[in-house]
Amino acid sequence: MKNYFNILKNGIFIENPTFVLMLGMCPTLATTTSAVNGMSMGLATMFVLICSNVVISLIKDLTPDMIRIPVFISVIATFVTVLQLLMQAYAPVMYETLGLFIPLIVVNCIILGRAESFASKNTPVAGVFDGIGIGLGFTLGLTLLGACREILGTGKVFGYTVFPEDYGMLMFVLAPGAFITLGYLVAIINKFKK
C-alpha cells in the first residue's frame with residue numbers, strides 16, 4: 001500500500017504534469033479561462049488516463065513492440081470517444097465549453113507518455129494509482145491556473161464574487177494571461193520547493 005501512496009504522491013507533486021513536467025500545455029493554456037473549465041478538463045483527462053492505463057497494462061504482454069504506439073493510441077482514442085459521448089449526453093454545456101479540446105485528449109502527451117513509461121511496465125492496479133495521481137496533479141494544476149486567471153480577469157471564482165468585475169483585468173482571461181499566470185505559478189511553486 002505504501003508503494004501505491006508513493007505513486008499517487010509522485011503524480012501530484014514530484015511529476016506534476018502542469019508545473020513540473022510542463023506537459024499538456026495546449027489544454028492547460030486554452031481551457032483554463034475559469035476554474036470550472038480547468039477542473040472539467042482535468043477530470044476528463046484523468047478519466048481517460050485511468051482507463052487507458054488499466055487496459056494498456058492488461059494487454060502489454062500481448063502487444064508486439066513494432067505496433068505498441070499505434071495500439072496505445074487506439075486504446076486512448078476509444079476512451080476519449082466514450083468520454084465524448086458521455087459528455088454530449090450528460091454534460092452538454094461543459095462539452096460545448098471545452099469543445100475541440102475533448103477529442104484532442106487523444107494526442108495529449110501526458111496520456112501517451114504515461115502509457116509508454118508506466119502502464120506498459122506495471123500492473124493494472126498500479127496503473128489505476130498512476131492515473132489517479134497524474135490525473136489529480138493535472139486537475140489541481142488546471143484548476144489553480146483557471147482560478148487565478150478567473151479571479152484576476154473577472155473578480156470571480158467558481159461563480160462567487162471576490163471583488164467587483166470592474167477591477168478585473170481582461171488580459172488574464174485572454175491568451176497572454178494564460179502564459180503570464182502559468183509563469184508566475186511555476187516560479188512560486190519552484191520557490192517553495194527549494
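You will find that of L100, L112, L58, the residue that is part of a helix (DSSP H, G or I), of a type outside the set (K, R) and surrounded by 16 or more Cβ atoms within 10 Å (Cβ to Cβ) is L112 and no other. Going through region 1-43 one residue at a time, which ones are in a helix (DSSP H, G or I) and either in contact with a strand residue (DSSP E or B) (Cβ under 8 Å, 6 or more places away or on another chain) or among the acidic types (D, E) (or both)? Listed by number, the list holds a single entry, A35. Of the residues making up region 1-59, those that are under 20 Å from Y184 (Cα atoms) and among the aromatic types (F, W, Y) are F13, F19. Within region 164-179, the set of residues being open to solvent by 60 Å² or more (accessible area, probe 1.4 Å) and touching a helix residue (DSSP H, G or I) at 6+ places or on another chain (Cβ under 9 Å) comprises E165, M169, L170, M171, L174, A175, F179. Any residue in region 132-149 that is open to solvent by 70 Å² or more (accessible area, probe 1.4 Å), touching a residue at least 24 places away in the same chain (Cβ under 8 Å) and of a type outside the set (G, A, S)? So far as region 132-149 goes, yes, one or more of its residues are open to solvent by 70 Å² or more (accessible area, probe 1.4 Å), touching a residue at least 24 places away in the same chain (Cβ under 8 Å) and of a type outside the set (G, A, S).
Here M46 meets the list (1) open to solvent by 60 Å² or more (accessible area, probe 1.4 Å); (2) part of a helix (DSSP H, G or I); (3) over 20 Å from T181 (Cα atoms) almost entirely, failing just condition (1).
The set of residues in region 152-177 that are assigned to a helix (DSSP H, G or I) and without any contact (Cβ under 8 Å) to a residue 12 or more places away in the chain comprises E165, D166, P176. Selection of region 72-83 for residues being surrounded by fewer than 19 Cβ atoms within 10 Å (Cβ to Cβ) and of a type outside the set (G, A, S) yields I73, T78, T81, V82. With respect to (1) touching a helix residue (DSSP H, G or I) at 6+ places or on another chain (Cβ under 8 Å); (2) within 30 Å of I188 (Cβ to Cβ), the lone exception for F79 is condition (2). On inspection, I67 does not qualify as in a helix (DSSP H, G or I), in contact with a helix residue (DSSP H, G or I) (Cβ under 6 Å, 6 or more places away or on another chain) and not acidic (D, E).
The values are calculated or read from the model by the stated rules, or taken from the named source; none is laboratory data. Everything quoted here is computed from the prediction, not taken from an experiment. Cβ coordinates were reconstructed from backbone atoms using ideal geometry, including for glycine residues, and neighbour counts include every protein chain displayed. We work out accessible area using only protein heavy atoms, side chains counted, and drop any ligands, DNA or RNA first. Shrake-Rupley method; radii C 1.70, N 1.55, O 1.52, S 1.80 Å.
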